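K.L.:
Can you read through this structure? Questions will come right after.
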Amino acid sequence: MITYALFFGFSCFAVGLLLNLFRLAKGPTVADRVLALDTMVINGIAILILYGIAKGTTVYFEAALLFAMVGFISTVAYCRFILRGDIIE
């Protein structure tokens, strides 16, 4: 039963990644593209966690935490660059 649930989860997040990739390519504004990148990071974290559950190791959970921290910092830095034109004041 867990195999079916993992397959369903992988397929849902893969479809989400494809839709985010479409929004990244066709986004009418820069803010839509930033939001698409942030959502892709969240979907990537979910896929890493599902893969960790499938393999039964904790290494992927730690990688997901690192990916979340890097994704958050990069989103904040990119938004500051869009709003102010400079990241470091």
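Conditions tested, residue by residue: (1) out of contact with any Leu (no Cβ under 6 Å at 6 or more places or on another chain); (2) touching a residue at least 60 places away in the same chain (Cβ under 8 Å); (3) among the aromatic types (Phe, Trp, Tyr); (4) surrounded by 11 or more Cβ atoms within 10 Å (Cβ to Cβ).
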position	(1), (2), (3), (4)
7	yes, no, yes, yes
31	yes, no, no, yes
56	yes, no, no, no
75	yes, no, no, yes
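K.L.:
Can you tell me which condition residue 87 does not meet? The list is (1) assigned to a helix (DSSP H, G or I); (2) touching a helix residue (DSSP H, G or I) at 6+ places or on another chain (Cβ under 8 Å), and all the others hold.
P.N.:
Every listed condition holds for residue 87 apart from (1).
K.L.:
Also, I was wondering about something else. Suppose the filter is at pLDDT 95 or above and of a type outside the set (A, V, I, L, M, F, W, C); does residue 74 pass it?
P.N.:
no
K.L.:
What pairs come up if the first residue lies in the range 36-48 and is outside any helix (DSSP H, G or I), the second is surrounded by 18 or more Cβ atoms within 10 Å (Cβ to Cβ) and of a type in the set (S, T, N, Q), and their beta carbons are under 9 Å apart, counting only those six or more places apart or on different chains?
P.N.:
Partner pairs satisfying both residue conditions: none exist.
K.L.:
For the range 6-26, does any single residue satisfy the condition of being touching a helix residue (DSSP H, G or I) at 6+ places or on another chain (Cβ under 8 Å), not in a helix (DSSP H, G or I) and not hydroxyl-bearing (Ser, Thr, Tyr)? First the steps, then the outcome.
P.N.:
Within the range 6-26, the subset touching a helix residue (DSSP H, G or I) at 6+ places or on another chain (Cβ under 8 Å) is 6, 9-10, 13-14, 16-17, 20-21, 23-24.
Filter once more, so that each one left must be not in a helix (DSSP H, G or I): none.
The answer is no; no qualifying residue exists.
K.L.:
Here is a list of conditions, (1) within 26 Å of residue 6 (Cα to Cα); (2) surrounded by fewer than 17 Cβ atoms within 10 Å (Cβ to Cβ), and residue 80 meets all of them except one; can you say which number that is?
P.N.:
Every listed condition holds for residue 80 apart from (1).
The values are calculated or read from the model by the stated rules, or taken from the named source; none is laboratory data. Nothing here was measured: the structure is a model prediction, and the numbers come from that model. Every residue, glycine among them, receives a Cβ derived from its backbone with ideal geometry; neighbour counts consider all protein chains shown.
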